[in-house]
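What follows is a structure written as structure tokens; I'll ask about it next.
The values are calculated or read from the model by the stated rules, or taken from the named source; none is laboratory data. Predicted model only: the values in this text are computed from it and were never measured. Note that each Cβ is placed from the backbone with ideal geometry, even for glycine, and that neighbours are counted across all protein chains shown. Ligands, DNA and RNA are stripped out before the accessible areas are found, and what is left, the full protein with its side chains, is counted by its heavy atoms. Shrake-Rupley method; radii C 1.70, N 1.55, O 1.52, S 1.80 Å.
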Amino acid sequence: MYNLIKAEFFKLSKMPGFKILVLSCICTGIFFSSIIIIGNAKYPGYYMLYDCIGMLLVNSAFCHIFAAIFIGNEFTDNTFGNSLLSGFTRRKLFAAKILVFFAGLFQVLIIMPLIVTVCASYLNGFGMDFSMETCKSILLLLLYSLTGYVTLGSVVVFLTVLIRKKAVTVGAGLVLIYIYLFARTNFSGISFLRYTYLYQIELLAFSNIKNSGYGGDTFSGGIYLAVMALTFLAAILFSIWIFGKRELK
């Protein structure tokens, strides 16, 4: 198992698509920072940190593209099948791939918020006095956001394993995000939307920015973590089941 994980990290470090994606994240961070500078926006750093967390379309696009090139590519170039012929079990293959996927996903998703937050803090200050309570609040925010995007990643893994085609995976994932945003905007009365991981991520970001409810709701850490945990478990378990049934050539 250790050798498999090590091999996956090595593969990730040498993957041109991953390097291009990281560069794209850097460019996106610079782009949003440029908007702050050109527009002379007075948003403090902590405001932009929350704002970046709530950018579902941008973060989802990065997540889907990464899953397509890191996991989806394994189906098209027969890497999974060759690994099985080498004596590795499906469970170990999947576990190693997913562990490295989430490690890489963290790298991908942290770049843009970090660049924008540092830029906004340099121009306008962080907006909060640093103290023990402030540090706890920031760490809690990072923990919540990490939990949210790990959950997003698990759903993307499910779609990737289910579809197995890179371009279709990215397209289907973004279509689902658009459907959610359309439903949330035009059918706010649908109560079950409030208990989706996408809504909870937005609720975390925007309710904290404005110090008010988002869509009439207020953020609850307990509900947030429960939604993320259930979604993550369902997505990963279904992914494992599908991966175990798929024919890997």
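If I filter the range 84-107 down to residues being among the small types (Gly, Ala, Ser) and in a loop (DSSP other than H, G, I, E, B), which single residue comes out as most open to solvent (accessible area, probe 1.4 Å)?
SER86
Can we say GLY72 is over 21 Å from LEU198 (Cβ atoms) and touching a Ser or Thr at 6+ places or on another chain (Cβ under 8 Å)?
yes
Restricting to the range 108-133, what's the tally of residues that are open to solvent by less than 80 Å² (accessible area, probe 1.4 Å) and in contact with a helix residue (DSSP H, G or I) (Cβ under 9 Å, 6 or more places away or on another chain)?
Summing the residues that are open to solvent by less than 80 Å² (accessible area, probe 1.4 Å) and in contact with a helix residue (DSSP H, G or I) (Cβ under 9 Å, 6 or more places away or on another chain) in the range 108-133 gives 17.
Something else about it: So, ASN40, is that one assigned to a loop (DSSP other than H, G, I, E, B), farther than 26 Å from CYS135 by Cβ and polar (S, T, N, Q) or not?
On the way: assigned to a loop (DSSP other than H, G, I, E, B): yes; farther than 26 Å from CYS135 by Cβ: yes; polar (S, T, N, Q): yes.
The answer is yes for ASN40.
Of all residues in the range 24-55, how many are open to solvent by 40 Å² or more (accessible area, probe 1.4 Å), of a type outside the set (Phe, Trp, Tyr) and more than 17 Å from the chain's Cα centre (by Cα)?
Total meeting the criteria: 9.
Pairs under 7 Å by beta carbon, first residue farther than 14 Å from LEU203 by Cβ in the range 179-191, partner open to solvent by less than 60 Å² (accessible area, probe 1.4 Å) and at pLDDT 75 or above, six or more apart or different chains?
ALA183/LEU193; ILE190/ALA183
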